[in-house]
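Trainee: Can you keep this structure in mind? I'll have questions shortly.
Bear in mind these aren't lab numbers, they're just calculated from the coordinates by the rules spelled out. Computed from a prediction, not measured in an experiment: that's the story for all the values here. FYI the Cβ positions are ideal-geometry reconstructions off the backbone, even for glycines, and counts take in every protein chain you see.
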There are 2 protein chains.
Amino acid sequence: MTQLNIPFELIELDITQKETRTPEFLNKNPNGRIPLLELESGQFLWESNAILFYLSENTPFFPTEHFERAKVLQWLFFEQYSHEPYIATTRYYYHIGKADEYRETINQKREPGYAALRVMEKHLSDRAFFVGERYSIADIGLFAYTHVAEEGEFDLTKFPAIQAWIERIKQQPGYIPITARNL
Amino acid sequence: MTQLNIPFELIELDITQKETRTPEFLNKNPNGRIPLLELESGQFLWESNAILFYLSENTPFFPTEHFERAKVLQWLFFEQYSHEPYIATTRYYYHIGKADEYRETINQKREPGYAALRVMEKHLSDRAFFVGERYSIADIGLFAYTHVAEEGEFDLTKFPAIQAWIERIKQQPGYIPITARNL
């Protein structure tokens, strides 16, 4: 939103306090999850990558060519199915101070998390960005939890192409750190 | 593809025999998963819902209105994150005859699977289809594992709106059963 100069207000909710499971919130997103986008019209959109699509369609951050459009979504579905459940959730256990309590779960998530990073590393070995050699929401969606994977003790030093890509993303005009204050 | 009259050849792979992890297959999808779409151009697209998007964009099965387009994707991301990991994988354990072996995992997946069905039931309680009151790939994507959820011992009799929607989908012109022969 910063890169598109879209004004917004950020409201943080604490999932450890079940703030996304209140009747009021469930009226906005019946699935009880964040992020949630509220439009000026009062309409609500949930699922982070659907929000990225909504905000970026018809901008330089989403391709115009038919196959490239699908390829951006391919990487975003990869992010939700093969990346986030391992890399983001592992980091979450560390952040809430429960890495020891969830050690067995973390250990189970380690190999599939590295598998996702290997898929990314291979793809980026001869590319600057994920799709069409230009920065898109495929990069934004994958950057989110990848650039903080080490906070969940994933070792990114084994992935030089990913590391170079992370630095490339941080150099994009209008880039701001996206890690929320409390997580 | 049948509903759009797109000719195709269906090639089935056996994941229990690791047929999606061969070097040949990994050259086509480095993430080693099916489905995989090969175009006449020789290009490959993976992730089931990205394939649905590619095939349906600019057809009646994907909306033209900006917000509705994002809403279709919202439901498809919901399907991949909150539905498939519980409902499809549970059915898979039954299908490969390992429900007893995976009983603890199945038990853990039961409540989140029902949670996804409750979100669907509530949404369908006053709607015929998921988005914009017309049949779209949001319906197709969610129909896939929902209409066979009972094969994983999810009880759909508790969900009358879902049951009516399943019958509605089966009445769509060009509908064919989509359950693969071996699964």
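Trainee: Please state the shape class of the protein assembly as shown: rounded when a/c is under 1.5, otherwise prolate if a/b exceeds b/c and oblate if not, all from the C-alpha gyration tensor.
Mentor: Rounded.
Trainee: Here is a follow-up. Using helices alone, what [θ] at 222 nm do you get for the protein assembly as shown, with -39,500 (n - 2.57) per DSSP H run of 4 or more residues, divided over all residues and rounded to the nearest 500?
Mentor: So the helix-based figure for the protein assembly as shown works out to -14000 deg cm²/dmol.
Trainee: Among B:154-165, A:41-52, how do they line up from the highest to the lowest mean number of other beta-carbon atoms within 10 Å?
Mentor: A:41-52, B:154-165
Trainee: Here's something else I'd like to know. Net charge near B:G113, counting Lys/Arg +1 and Asp/Glu -1 over other residues with Cβ under 14 Å of its Cβ?
Mentor: -3
Trainee: If you don't mind, another one. What does the structure give for A:168-177 when I average, per residue, the other chain Cβ atoms found within 10 Å of the residue Cβ?
Mentor: Averaged over the peptide's residues, the number is 0.
Trainee: Which residue, chosen from A:N27, A:H66, A:L37, occupies the Cα position most advanced towards the positive end of the dipole of segment A:1-118, where the dipole is computed from +1 (Lys, Arg) and -1 (Asp, Glu) charges on Cβ about the Cα centre?
Mentor: Of the candidates, A:H66 comes out farthest on the positive side.
Trainee: I need the inter-copy label distances for A:P112: point set 7 Å along Cα to C-beta, values in nm with one decimal, smallest first.
Mentor: Ordered by increasing distance: 0.8 nm.
Trainee: Work out the mean other chain Cβ neighbour count within 10 Å for the residues of B:50-62 and drop it here as an integer.
Mentor: Per residue, the number of nearby Cβ atoms from other chains is 3 on average.
Trainee: Something else now. Once label points are set 7 Å from the Cα along Cα→Cβ at both A:L39 and B:N107, what is their separation, rounded to one decimal in nm?
Mentor: Label-label distance for A:L39 and B:N107, simple model: 4.5 nm.
Trainee: Under the rule a/c < 1.5 gives rounded, and otherwise a/b versus b/c splits prolate from oblate, where does chain B land using the Cα gyration tensor?
Mentor: Taking the square roots of the gyration eigenvalues as a ≥ b ≥ c, chain B is oblate.
Trainee: If you don't mind, there's one more thing I want to ask. Please report, for B:E167, the nm distances (one decimal) from its label point, 7 Å out from Cα along the beta-carbon direction, to the equivalent points in the remaining copies, shortest first.
Mentor: Label-point separations across copies, in nm and ascending: 6.3.
Trainee: Binning every alpha carbon pair distance of segment B:19-102 at 5 Å from zero, what are the percents per bin?
Mentor: In whole percents, the pair-distance histogram is 3, 12, 15, 17, 19, 17, 10, 5, 2, 0.
Trainee: From the label point of B:I34, set 7 Å from Cα along Cα→Cβ, how far away are the matching label points in the other copies, in nm, ordered shortest to longest?
Mentor: Those separations, rounded to one decimal, come out as 4.1 nm.
Trainee: Which chain B residue puts its Cβ closest to the axis that rotates B onto A, and at what distance in whole Å?
Mentor: Axis relating chain B to chain A; nearest Cβ residue and distance: B:Q80, 3.
Trainee: A follow-up question, please. Taking the Cβ of B:F8 as the centre, find all other residues whose Cβ is under 11 Å away and add up their charges (Lys, Arg: +1; Asp, Glu: -1).
Mentor: Charge balance near B:F8 sits at -3.
Trainee: On to the next question. Measuring from label point to label point, each 7 Å out along Cα→Cβ, what is the B:K28 to A:N27 span in nm?
Mentor: Label at B:K28, label at A:N27, 5.0 nm between them.
Trainee: Report the local net charge at B:L36: Lys and Arg +1, Asp and Glu -1, summed over other residues whose C-beta lies under 10 Å from its C-beta.
Mentor: Local net charge: 0.
Trainee: Please find the FRET efficiency linking A:L10 to A:T89, where r is the Cβ-Cβ separation and R0 is fixed at 22 Å, and quote it to the nearest 0.05.
Mentor: 0.50
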